[in-house]
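Engineer: Input: one structure, supplied below.
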């Protein structure tokens, strides 16, 4: 019993919950508060994953991946809503792009790397991978259009048209996401069937009851919201103290912290030779962020933010997103994974992160 308590565990990071609150109470330097709150969110995200996996263990990889993506995105959505209310629009926009990059490059890269170290080659459904890639291209186009429109018609007189375009585009994307769910779960679920169906895809039996899983999801979400308030409150001063822009904090730091849930779940699935589930989590999360979370933030901004949010991203952000989708499609289209593919994806992510770090005031 004593040895199990001393074994390293992600739950040890819960100590940063009271630490973050205490640091905030004594007006400690903003970076200390920020990173304490960020570390506190990580085990909270892990709880969301654990509860979701208990539910997903009773379903196939497609539905399991969707559930992991949905509840895994909860911390990201909470952080974005808190930042939106604070008027940190650059951080919100950067967190949308950053979440997609972190999932598609970093999480998938780490998953393939970890899985590849244990298995020489891993197979997955190439048809599903190509379908995910086409949806990601739709997501890129949906973010390019309002950005281009806002750049060409940036004058004050065109502001009503810009806001109307963003609102109607948000509604259209929500419809597209709803139809994607119908396609993937109702009319064509065989496109997303696991290549390894029947080979241990349900090797981990559910041990939690549904009430416990739902209570854990609710409690973890509330705790994530609480820590998100602290994190966002210290974000601006942290950026100034460390020489980081709102864009870099949102694109890298907040994206990695907010996406810790699905990243951990995707890596764990790859380590168990379930790359179909990994793709469902990672790509499903990316699609959900672009077609569900971003539109929801646009609509919510009319209520909670000082002014409506527009999806006007900078050239560097859109270029990075397009390159990420392109290399993600090329890397995953053959239905086989290995550790070197993981290294390729991680390398691209680090290159993009370094670009935004050394160009903190990069213009759109």
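Engineer: Filter segment 85-97 down to the residues that are surrounded by fewer than 23 Cβ atoms within 10 Å (Cβ to Cβ) and part of a helix (DSSP H, G or I), then identify the one that is modelled with the lowest pLDDT.
Structural biologist: 90
Engineer: Please specify each residue of segment 184-200 satisfying the condition of being assigned to a loop (DSSP other than H, G, I, E, B) and either within 27 Å of residue 76 (Cβ to Cβ) or modelled with pLDDT of 75 or more (or both).
Structural biologist: In the first step, residues of segment 184-200 are kept if they are assigned to a loop (DSSP other than H, G, I, E, B); the result is 188, 193-200.
Hits for segment 184-200 are 188, 194.
Engineer: From the list 289, 249, 327, 281, pick out the single residue that is surrounded by fewer than 21 Cβ atoms within 10 Å (Cβ to Cβ) and part of a helix (DSSP H, G or I).
Structural biologist: The unique qualifying residue is 327.
Engineer: When only residues in segment 227-246 that are farther than 13 Å from residue 88 by Cα and buried (at least 17 other Cβ atoms within 10 Å of the Cβ) count, which is modelled with the lowest pLDDT?
Structural biologist: Filtering first and then ranking leaves 228.
Engineer: Taking the stated definitions as given, is residue 34 part of a helix (DSSP H, G or I), on the phi < 0 side of the Ramachandran plot and modelled with pLDDT of 80 or more? Explain how you work it out, then say what you get.
Structural biologist: Details: part of a helix (DSSP H, G or I): yes; on the phi < 0 side of the Ramachandran plot: yes; modelled with pLDDT of 80 or more: yes.
For residue 34, the condition - part of a helix (DSSP H, G or I), on the phi < 0 side of the Ramachandran plot and modelled with pLDDT of 80 or more - is met.
Engineer: Buried (at least 18 other Cβ atoms within 10 Å of the Cβ), on the phi < 0 side of the Ramachandran plot and not in a helix (DSSP H, G or I): does that describe residue 313? Steps first, please.
Structural biologist: Details: buried (at least 18 other Cβ atoms within 10 Å of the Cβ): yes; on the phi < 0 side of the Ramachandran plot: yes; not in a helix (DSSP H, G or I): yes.
Yes, satisfied.
Engineer: Looking only at segment 265-274, how many residues end up being in a helix (DSSP H, G or I) and surrounded by fewer than 24 Cβ atoms within 10 Å (Cβ to Cβ)?
Structural biologist: Total satisfying the criteria: 3.
Engineer: Please work out if residue 114 is farther than 16 Å from residue 277 by Cα and in contact with a helix residue (DSSP H, G or I) (Cβ under 8 Å, 6 or more places away or on another chain). It would help to see each step written out before you state the result.
Structural biologist: On the way: farther than 16 Å from residue 277 by Cα: no; in contact with a helix residue (DSSP H, G or I) (Cβ under 8 Å, 6 or more places away or on another chain): yes.
The answer is no for residue 114.
Engineer: Is it the case that some residue within segment 294-309 is surrounded by fewer than 15 Cβ atoms within 10 Å (Cβ to Cβ), modelled with pLDDT of 80 or more and part of a loop (DSSP other than H, G, I, E, B)?
Structural biologist: yes
Engineer: How many of the residues making up segment 261-273 are over 11 Å from residue 73 (Cβ atoms) and in contact with a helix residue (DSSP H, G or I) (Cβ under 7 Å, 6 or more places away or on another chain)?
Structural biologist: Of the residues in segment 261-273, the ones over 11 Å from residue 73 (Cβ atoms) are 263-273.
Add one more test, that the residue is in contact with a helix residue (DSSP H, G or I) (Cβ under 7 Å, 6 or more places away or on another chain), and what stays is 263-267, 269-271, 273.
Residues meeting the conditions: 9.
Engineer: What pairs come out if I take residues in segment 14-25 that are over 8 Å from residue 36 (Cα atoms) and pair them with residues that are surrounded by fewer than 19 Cβ atoms within 10 Å (Cβ to Cβ) whose C-beta lies under 8 Å away, six or more apart or interchain?
Structural biologist: 23/32; 24/233
Engineer: Under the condition of being in a helix (DSSP H, G or I) and at pLDDT below 80, which residue from segment 149-161 is farthest from residue 321 (Cα to Cα)?
Structural biologist: Among those that are in a helix (DSSP H, G or I) and at pLDDT below 80, it is 157.
Engineer: Here's another thing I want to ask about it. Hey, any hits in segment 116-127 for a residue that's part of a helix (DSSP H, G or I), modelled with pLDDT of 90 or more, within 29 Å of residue 190 (Cα to Cα) and within 18 Å of the chain's Cα centre (by Cα)?
Structural biologist: No, segment 116-127 contains no residue that is part of a helix (DSSP H, G or I), modelled with pLDDT of 90 or more, within 29 Å of residue 190 (Cα to Cα) and within 18 Å of the chain's Cα centre (by Cα).
Okay, residues lined up against (1) modelled with pLDDT of 85 or more; (2) in a helix (DSSP H, G or I); (3) over 30 Å from residue 243 (Cβ atoms):
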site: 11; (1), (2), (3): no, yes, yes
site: 17; (1), (2), (3): yes, yes, no
site: 82; (1), (2), (3): no, yes, no
site: 99; (1), (2), (3): yes, yes, no
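Engineer: Do we have residue 44 as within 18 Å of the chain's Cα centre (by Cα), at pLDDT 75 or above and crowded, with 23+ Cβ neighbours inside 10 Å here? Full working, then the answer.
Structural biologist: Details: within 18 Å of the chain's Cα centre (by Cα): yes; at pLDDT 75 or above: yes; crowded, with 23+ Cβ neighbours inside 10 Å: yes.
Yes: the conditions hold for residue 44.
Engineer: Additional query: Condition test on residue 65, is it under 20 Å from residue 273 (Cα atoms), part of a helix (DSSP H, G or I) and either at pLDDT below 75 or out of contact with any helix residue (DSSP H, G or I) (no Cβ under 8 Å at 6 or more places or on another chain) (or both)? Spell out how you get there, then give the answer.
Structural biologist: Working: under 20 Å from residue 273 (Cα atoms): yes; part of a helix (DSSP H, G or I): yes; either at pLDDT below 75 or out of contact with any helix residue (DSSP H, G or I) (no Cβ under 8 Å at 6 or more places or on another chain) (or both): yes.
Spelling it out, residue 65 is indeed under 20 Å from residue 273 (Cα atoms), part of a helix (DSSP H, G or I) and either at pLDDT below 75 or out of contact with any helix residue (DSSP H, G or I) (no Cβ under 8 Å at 6 or more places or on another chain) (or both).
The values are calculated or read from the model by the stated rules, or taken from the named source; none is laboratory data. Please read all numbers here as calculations on a predicted model, not as lab measurements. Because the Cβ atoms are built from the backbone with ideal geometry, glycine has one as well, and the counts that use them run over all protein chains shown.
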